[in-house]
Amino acid sequence: DLLFTTWNDPAVTTGIAADSDDALVWRTPILGPTATLVLHRLARYLTSEPECVFTPGELAATFGLANTDGTPSPGFTRALHRLQMFGMARTVGSHTEIRLIIPPLPQRHIGRIPAYLRAAYPWPTGRA
């Protein structure tokens, strides 16, 4: 099973709620749609419960990413990896912590989002 808990990072004092519409708008171009949806959904669960547990196939199926035999597809595995690669999640022992507040985009990521989003970006930029 996959156990998820909240990542309370004292270094992140400002940001946006990971289960907000803003998270979907600003993180999708960087994380990709699947990883952003997984982050959004897990954050939503973790705002009301201290932890959540899923079988890998069950969570993958939530996003339409389970194989016909019920196992997670490679796309789902990539999405979980992207969350860790971009600092939205981290493995601690036998569980995965998920950020409920995500920091502002670093400058290097702002340069990668579409121009219309870049022009509208409302938060101070993070470190490069």
Filter result (of a type outside the set (Lys, Arg) and open to solvent by less than 60 Å² (accessible area, probe 1.4 Å)) within the range 86-102: Phe86, Gly87, Met88, Ala89, Val92, His95, Thr96, Glu97, Ile98, Leu100, Ile102
Residues being under 25 Å from Asn67 (Cα atoms) and either free of Cβ contacts under 8 Å to residues at least 40 places away in the same chain or hydroxyl-bearing (Ser, Thr, Tyr) (or both) - total across the range 1-36: 4
Answer from Leu46, Leu105, Leu83 - the residue that is at pLDDT below 90 and surrounded by 14 or more Cβ atoms within 10 Å (Cβ to Cβ): Leu105
Subset of the range 74-108 (residues that are in a loop (DSSP other than H, G, I, E, B) and under 14 Å from Ala35 (Cβ atoms)): Phe86, Gly87, Met88
Within the range 8-38, considering residues that are hydrophobic (A, V, I, L, M, F, W, C), over 12 Å from the mean Cα position of the chain (by Cα) and open to solvent by 50 Å² or more (accessible area, probe 1.4 Å), the one farthest from Ser73 (Cα to Cα): Ala11
Every pair of residues 6+ apart whose Cβ atoms lie under 7 Å, when the first sits in the range 48-63 and is of a type in the set (Asp, Glu) while the second is assigned to a strand (DSSP E or B): Glu51/Leu3; Glu51/Phe4; Glu51/Thr5
Only one of Thr71, Thr62 that is touching a helix residue (DSSP H, G or I) at 6+ places or on another chain (Cβ under 8 Å) and under 20 Å from Asp19 (Cβ atoms): Thr62
The range 94-108 residues that are more than 17 Å from Ile16 (Cα to Cα), paired with ones that are in a helix (DSSP H, G or I) and open to solvent by less than 30 Å² (accessible area, probe 1.4 Å) (beta carbon under 7 Å, 6 or more apart): none
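The values are calculated or read from the model by the stated rules, or taken from the named source; none is laboratory data. Model, not experiment: these values are computed from the prediction. Counting neighbours? That spans all protein chains shown, and the Cβs are built from the backbone with ideal geometry, glycine included. Just so you know, the surface numbers come from the protein's heavy atoms only, side chains and all, with ligands and any DNA or RNA stripped out. Shrake-Rupley method; radii C 1.70, N 1.55, O 1.52, S 1.80 Å.
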